[in-house]
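The values are calculated or read from the model by the stated rules, or taken from the named source; none is laboratory data. This is a predicted model, so every value here is computed, not measured. Don't worry about glycine lacking a Cβ; one is built from the backbone with ideal geometry, like all the others, and counts go over all protein chains shown. These area figures cover heavy atoms from the full protein model, side chains too; ligands, DNA and RNA do not enter into them. Shrake-Rupley method; radii C 1.70, N 1.55, O 1.52, S 1.80 Å.
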Amino acid sequence: MTGAPVLADDVLAGQRRAVSRALTVVERGGPEAEALLQTLLPHTGHAHVVGITGAPGVGKSTLVDGLALAARGQGQTAGIIAVDPSSPFTGGAILGDRIRMQDATMDPGVFMRSLASRGQTGGLSRAAAASLTVLDAAGFDWVLVETVGAGQSEIEIMALAESVMVVLAPGLGDDIQAIKAGILEIADVFVVNKADRPGADTSVRELRAMLRLAAEPPPWTPPILTTVAAERRGLERILEELARHRAFLEETGRRAERRTHQVETLVRQAVWDAVARRLAAAREDPGWARALTAVAAGTRDASGLADQVLRGAGGMADGIH
Amino acid sequence: MRDGGERVIRVLVAKPGLDGHDRGAKVIARALRDAGMEVVYTGLHQTPEQVAEAALQEDVQVVALSILSGAHPTLVPRIARLLRENGQGDVLLLLGGIVPEQDVPSMLEAGVSRVFGPGTDTRDIVRYIQERVGDS
């Protein structure tokens, strides 16, 4: 615990080893993580946080690699969080995003961290929110958060970003269908990657048609961009559109809203963490088994026991005879 | 797992050097994942600098190198030195692949904790890692 202020100072100085350690601490959660985040939070808000999502195989990692390098080309720095699923059976994970981020990750102005989903929906968005807080506080100009697909937790993570980029590739057939399930609504920028492949025009057309279905023109119309990330084509244009989107958020007051949401996610998860600790402590209580038996026998009600767990007072079997 | 309790073991599986055979590395990666570890896999043809930088950014407790090219006498000491320079001298460094018996002492000298040769049971590697970093 005494290490937290020192660590925070080194993170704020952009010291890479400290950033890496801090990411481990906040990912793990708990009191040390909360203390660190509290020190770092006042120093955040500089980075442009961009969420990047899309189906597997559309080229997200290559695109993120290219975007980071494009940002470097403009004298800016980039922190990257790449989320991969954990096995629901063992909790283990193979995190392979670095394979396609070889170019950017050796640049001293780029820092990339793989994050395993560890099977907990809320925990994942908390870990992501905390991780991007660290990278933001470390002074990166861009923070790029990459996730696969369109599950609930991915949508929660994307809600942490200022700008959400949905990536598609032609020839995957059902990709437009796939993004209908919730992701379409949160996209601020569409990117059709692998645009040198046949069918790219169709993807762009379908997207445009879908956006036209909106009942009334939205305040922000997501641009549809085409890229060939593997050849680094179209990447500067993406950065331009993202900057334009950020200016829009700023002008309309939406940027503050998103920040509030990010902080809320941190607070909400701190609550869950606290509850989880109380529950773990209650289960260690010598009277826990008797308290449960009493609930089963109807001599005690479940919500009363829950209240006692939340108070963290212990003595679970007090008053049971 | 996310309640501030035990730390999940994070392992970097890396293939430094020019040989293009990563079957062994993938088998290891899978075995470690199945044992509940988080495995960062970097792909083929990594330079020592790339391996050390990945270990730094990913804050792993274990770096498992797979080298089949015979280049371990040059690659391994450089990786070990870079890890130390990055403040990661406490990382458990493992070496697998084809390492002649007479090279093993110099690898241990360079900072490798253990050399696992061909035919090693992946369960032995899992157990070794769990014993060495389980409580850190």
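Number of residues in the range A:239-256 that are over 15 Å from A:His46 (Cα atoms) and open to solvent by 90 Å² or more (accessible area, probe 1.4 Å): the value is 3. Among all residues of the range A:71-84, there is none that is of a type in the set (Asp, Glu), assigned to a helix (DSSP H, G or I) and either surrounded by fewer than 18 Cβ atoms within 10 Å (Cβ to Cβ) or within 13 Å of another protein chain (Cβ to nearest Cβ) (or both).
Of all residues in the range A:204-233, exactly one satisfies the criterion of being assigned to a helix (DSSP H, G or I), open to solvent by 40 Å² or more (accessible area, probe 1.4 Å) and touching a residue at least 60 places away in the same chain (Cβ under 8 Å), namely A:Ala230. Considering the range A:272-315, the residues that are of a type in the set (A, V, I, L, M, F, W, C) and modelled with pLDDT under 85 include one that is farthest from A:Ala130 (Cα to Cα), namely A:Ala313.
Return a yes/no flag: does the range A:96-110 have any residue that is part of a strand (DSSP E or B), within 8 Å of chain B (Cβ to nearest Cβ) and in contact with a helix residue (DSSP H, G or I) (Cβ under 9 Å, 6 or more places away or on another chain). No; the residues of the range A:96-110 include none that is part of a strand (DSSP E or B), within 8 Å of chain B (Cβ to nearest Cβ) and in contact with a helix residue (DSSP H, G or I) (Cβ under 9 Å, 6 or more places away or on another chain).
Evaluating A:Glu236 against the criteria (1) within 27 Å of A:Gly59 (Cα to Cα); (2) within 20 Å of the chain's Cα centre (by Cα); (3) surrounded by fewer than 18 Cβ atoms within 10 Å (Cβ to Cβ) leaves one unmet condition, (2). The C-beta contact set for the range A:91-117 (first residue more than 19 Å from A:Thr53 (Cα to Cα), second residue of a type in the set (Lys, Arg) and surrounded by fewer than 20 Cβ atoms within 10 Å (Cβ to Cβ), distance under 6 angstrom, 6+ apart or interchain) comprises A:Asp107/A:Arg72; A:Gly109/A:Arg72. Each residue in the range A:17-34 was checked for being open to solvent by 40 Å² or more (accessible area, probe 1.4 Å) and either more than 7 Å from chain B (Cβ to nearest Cβ) or more than 11 Å from A:Val134 (Cα to Cα) (or both), and 5 pass. Applying the criterion of being of a type outside the set (A, V, I, L, M) and within 9 Å of another protein chain (Cβ to nearest Cβ) to the residues of the range A:273-290, the residue that is least open to solvent (accessible area, probe 1.4 Å) is A:Asp273. When you scan the range A:46-57, do you find a residue that is surrounded by 24 or more Cβ atoms within 10 Å (Cβ to Cβ), away from chain B (no Cβ under 14 Å) and farther than 15 Å from A:Leu242 by Cβ, even just one? Scanning the range A:46-57, I find at least one residue that is surrounded by 24 or more Cβ atoms within 10 Å (Cβ to Cβ), away from chain B (no Cβ under 14 Å) and farther than 15 Å from A:Leu242 by Cβ, so the answer is yes. Taken over the range B:49-83, the residue count meeting the criterion of being more than 12 Å from every other protein chain (Cβ to nearest Cβ) and within 23 Å of B:Ile9 (Cβ to Cβ) is 10.
The set of residues in the range A:138-165 that are open to solvent by 10 Å² or more (accessible area, probe 1.4 Å), away from chain B (no Cβ under 14 Å), in contact (Cβ under 8 Å) with a residue 60 or more places away in the chain and at negative phi comprises A:Asp141, A:Trp142, A:Val148, A:Ala150, A:Glu154, A:Glu156, A:Ala159, A:Glu162. It is to be established whether one or more residues within the range B:22-31 are within 12 Å of another protein chain (Cβ to nearest Cβ), over 23 Å from B:Gln130 (Cβ atoms) and touching a strand residue (DSSP E or B) at 6+ places or on another chain (Cβ under 6 Å). Among the residues of the range B:22-31, not one is within 12 Å of another protein chain (Cβ to nearest Cβ), over 23 Å from B:Gln130 (Cβ atoms) and touching a strand residue (DSSP E or B) at 6+ places or on another chain (Cβ under 6 Å), which makes the answer no.
Only one of the numbered conditions (1) under 25 Å from A:Leu124 (Cβ atoms); (2) open to solvent by 30 Å² or more (accessible area, probe 1.4 Å) is not met by A:Gln262, and that is (2). Of all residues being surrounded by 14 or more Cβ atoms within 10 Å (Cβ to Cβ) and touching a residue at least 60 places away in the same chain (Cβ under 8 Å) in the range B:91-131, which is nearest to B:Ala80 (Cα to Cα)? Just the residue, please. Applying the filter and picking the extreme gives B:Gly96.
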